[in-house]
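Below is one structure, written out as structure tokens; the observations come after it.
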Amino acid sequence: MLKIENLHAAVDGKPILNGLSLTIAPGEVHAVMGPNGSGKSTLSYVLAGREGYEVTEGSVSFHGQDLLAMEPEERAVAGMFLAFQAPVELPGVGNANFLRTALNAVRRARGEAEMDAMQFLKLARARMKVLNMPEDMLKRPVNVGFSGGEKKRNEMLQLAMLAPKFAVLDETDSGLDIDALKMVADTVNSLRGPDFSALVITHYQRLLNHIVPDRVHVLSAGRIIKSGGPELAQELEASGYAGVQAAA
Amino acid sequence: MTAVASTGAAAFLGRYEGLRTRLPGARVAWVEALRNGAAEAFRAQGFPTRRMEAWRYTDLASVAGAVFGEPLTGVEDATEIPAAAGPRAVFIDGRFRPDLSTLDALPYAADSLARVLPTLDGRIGTIARPAEQPMAALNTMLFEDGLVVDVPAGVAGGVLELLSLATDSERAPAYHPRHLVRLGAGASLTLLETAAGPQAARYLHNPVFEIEIAEGARLAHGRLQQEGREGVFLSTVYARVGAGGAYDNFTLNAGARLARNEIHVALTGPKAEAHMNGVQLVGDGQHADTTTTLDHAAPDCSSRQTYKTVLAGRSRGVFQGKIHVHQVAQKTDGYQMNQALLLSPEAEIDSKPQLEIYADDVKCSHGATVGELDADHLFFLRSRGIPEAQAKAILVEAFLTEAVEAVAEEPIRAALTRGVAGWWQRQGVAGGIEEA
């Protein structure tokens, strides 16, 4: 369970989130939609613990733990996962080595047995097959020379491998064609269950045709101004953010 | 130039006066002339000072102000030495140890310099330039031993290890080994050199190499400098490469309180090649200097240099690299890159690339960068559950990759990877990337 209460956050002293509250129960998928500059990416970075995002007020509890007091790697170990909007490239770091290192770091911290190279490769190949990823993407350096779609596929591979309790998708759909969009949706849908929840941050409704959310929230000027069921996404698509902002 | 002799320089000159009749080759006229000439040069210059252009960034005052002892003869085995995997020459405190070395049944000659010195007229002091380099002058004045390798024309020499170990002596010894390596036409050799010592021992290791590579010959020279943290390592390599020959030098400069890795390569025949790569890992309290000069003295030669320096804590790194393209050296292809990664706000790097080009048809480029770890990269790795220290180690490994991958020889690359891992352990960081 993720519980965000009255969250205020600033970047370079400039307030971006202004009293955001949101509760996501286990098993639920929520969508946050909003125009540019409404604070969507700031919310995802605050949840993942990026430096430079200063929480000035409010709290976030994650399965009973104070999320904001945890280091980024502790959040990952606790089951938090952020799928990046613009994944970084890491020259000199092999994708397979990176994935195994991350997986074993998490497993070690959770007191689980580490995976040897054989077990790891077996699992990675199985996940990649589902994601329709060519195997040579394991051998290449992380995201180096990957197309936009390949980078997002690689994010989904990490999501599938690490199997977190909670995933934040930060505009993962931006710049994706319909096949890639379906791949993202399939990955998230395959993880759906009583122990998994997700926050899908998006600009457009189209991803939500494939990942049908339990709740939809509209973010504006760092606060949630309206919440509803999946039909709210359609309403936004029809009337635009301006209509909702004016009504709120 | 007249210099007021420093305490250390005066002590070394005094030692030479006392030892000159007892040093190897003392009764051989040409050796005596060589040493006397070097003594004059050292007397005139003393230890290098920062007033010398080549030593602007590396201060030897702490060495010049100290008095080092003589190495003991017949040192007991104070050091654990791993079993040899193949041919190996072992030097303890600068002296050849036949009992620890394995040099039997080689397809080439490898011997102790002290033993064969009288036969080396015309081979020693022909490439080194002691008049220009005080440390080479000091070495020439006082060398007592070294490794002499002669690979005849056409012979593939395989891998030879050169192990130079310091003992935990109370005497703070100084030793100045002179190593001579000669490859005949078309010959090849991989020389894997390790210099190491106990962490607490004070000593000065001042080796000079003279390397001659004939037409079409190829020497791969891997160097792991892992001296103890109180050691001083001042090393000078001179190499001359003939037509179509190649010299590959890879140096891991990771140990010692003060380390200088100075390399002078001259490409003297057409289509000769030099690859000079290196990694400097500089921890708190250390100073590491790599200084290279590359003389393109013949047409159609190529040279590639990639040096990477990682600095942690309060540390200082230096890279100076000069490429000199002589007028005859048309169609030269030269490349030099040096990059530094600062892991601490108290770390400093001085970097001075220099190109001097007197030919008109050449391709020469160089670059230098200084940076810190990328915060976005670090955050990405941590967001995937990798602890901060391990994430940093992964990014540093990635930074070093380009220089390490440039090493073609597997034994050298393997030794290097172990050397880098050892450095991380000494920094208190366990584990970088896990291989899958």
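The values are calculated or read from the model by the stated rules, or taken from the named source; none is laboratory data. If you're wondering where the values come from, they're calculated on a predicted model, not measured in any experiment. Quick reminder, even Gly has a Cβ in these numbers, built from the backbone with ideal geometry, and neighbours come from all protein chains shown.
Summary of computed values
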{"item": "Boolean, A:Ala31 is within 14 Å of another protein chain (Cβ to nearest Cβ) and either surrounded by 22 or more Cβ atoms within 10 Å (Cβ to Cβ) or in contact with a helix residue (DSSP H, G or I) (Cβ under 9 Å, 6 or more places away or on another chain) (or both)", "result": "no"}
{"item": "Residues being within 14 Å of A:Val168 (Cα to Cα) and either small (Gly, Ala, Ser) or in a loop (DSSP other than H, G, I, E, B) (or both) - total across the range A:1-24", "result": "1"}
{"item": "Failed item, numbered, when A:Gly175 is tested on (1) assigned to a helix (DSSP H, G or I); (2) on the phi > 0 side of the Ramachandran plot", "result": "(1)"}
{"item": "Selection within the range B:356-372 - crowded, with 16+ Cβ neighbours inside 10 Å and in contact with a Lys or Arg (Cβ under 8 Å, 6 or more places away or on another chain)", "result": "B:Val362"}
{"item": "Members of the range A:191-240 found to be part of a helix (DSSP H, G or I), more than 21 Å from A:Gln85 (Cα to Cα) and not acidic (Asp, Glu), listed by number", "result": "A:Leu232, A:Gln234, A:Leu236, A:Ala238, A:Ser239, A:Gly240"}
{"item": "Of all residues making up the range A:139-157, the number that are of a type in the set (S, T, N, Q) and either more than 12 Å from every other protein chain (Cβ to nearest Cβ) or without any contact (Cβ under 8 Å) to a residue 12 or more places away in the chain (or both)", "result": "1"}
{"item": "Matching entry among A:Ala198, A:Ala160, A:Ala180 (being aliphatic (A, V, I, L, M), crowded, with 19+ Cβ neighbours inside 10 Å, touching a residue at least 12 places away in the same chain (Cβ under 8 Å) and within 14 Å of chain B (Cβ to nearest Cβ))", "result": "A:Ala160"}
{"item": "Sole residue being in contact (Cβ under 8 Å) with a residue 60 or more places away in the chain, within 29 Å of A:Ile24 (Cβ to Cβ) and facing chain B (nearest Cβ under 10 Å), chosen from A:Ala102, A:Ala167", "result": "A:Ala102"}
{"item": "Only listed residue being of a type in the set (S, T, N, Q) and over 20 Å from B:Met135 (Cα atoms), chosen from B:Asn249, B:Asn253, B:Asn261", "result": "B:Asn249"}
{"item": "Residue that is surrounded by the fewest Cβ atoms within 10 Å (Cβ to Cβ), among those in the range A:201-235 that are of a type in the set (D, E, K, R) and touching a helix residue (DSSP H, G or I) at 6+ places or on another chain (Cβ under 8 Å)", "result": "A:Arg206"}
{"item": "Tally, over the range A:2-35, of residues that are in contact (Cβ under 8 Å) with a residue 60 or more places away in the chain and under 25 Å from A:Glu235 (Cα atoms)", "result": "17"}
{"item": "Complete set of residues in the range A:109-138 that are within 25 Å of B:Phe399 (Cβ to Cβ) and either more than 10 Å from every other protein chain (Cβ to nearest Cβ) or free of Cβ contacts under 8 Å to residues at least 12 places away in the same chain (or both)", "result": "A:Asp136, A:Met137"}
{"item": "Selected residue [within 18 Å of B:Ser365 (Cβ to Cβ) and buried (at least 23 other Cβ atoms within 10 Å of the Cβ)] from B:Gln305, B:Gln280, B:Gln286", "result": "B:Gln305"}
{"item": "Conditions (1) touching a residue at least 24 places away in the same chain (Cβ under 8 Å); (2) under 18 Å from B:Val396 (Cα atoms): number failed by A:Met80", "result": "(2)"}
{"item": "Leading residue by the ranking (farthest from B:Asp376 (Cα to Cα)) among those in the range B:395-436 that are touching a residue at least 60 places away in the same chain (Cβ under 8 Å) and of a type in the set (Asp, Glu)", "result": "B:Glu409"}
{"item": "Every pair of residues 6+ apart whose Cβ atoms lie under 6 Å, when the first sits in the range A:85-99 and is within 7 Å of chain B (Cβ to nearest Cβ) and more than 13 Å from A:Ala117 (Cα to Cα) while the second is charged (D, E, K, R) and surrounded by fewer than 19 Cβ atoms within 10 Å (Cβ to Cβ)", "result": "A:Val88/B:Asp376"}
{"item": "Any hit, the range B:89-107, residues being surrounded by fewer than 19 Cβ atoms within 10 Å (Cβ to Cβ) and under 30 Å from B:Lys352 (Cβ atoms)", "result": "no"}
{"item": "Matching helices (runs of 4 or more DSSP H) fully within the range B:367-436 where at least 2 residues are modelled with pLDDT of 95 or more and within 13 Å of chain A (Cβ to nearest Cβ)", "result": "B:375-383"}
{"item": "Test: residue in the range A:141-155 that is of a type in the set (A, V, I, L, M, F, W, C), buried (at least 20 other Cβ atoms within 10 Å of the Cβ) and within 29 Å of A:Pro194 (Cα to Cα)", "result": "no"}
{"item": "Condition met for B:Gly157 (on the phi > 0 side of the Ramachandran plot and either over 17 Å from the mean Cα position of the chain (by Cα) or of a type in the set (Asp, Glu) (or both))", "result": "no"}
{"item": "Residue in the range A:34-80 that is farthest from the other protein chains (Cβ to nearest Cβ), counting only those that are among the charged types (D, E, K, R) and closer than 21 Å to A:Gly13 by Cα", "result": "A:Glu57"}
{"item": "Criterion violated by B:Val407 - all others in (1) touching a helix residue (DSSP H, G or I) at 6+ places or on another chain (Cβ under 7 Å); (2) surrounded by 16 or more Cβ atoms within 10 Å (Cβ to Cβ); (3) more than 21 Å from B:Ala220 (Cα to Cα) satisfied", "result": "(3)"}
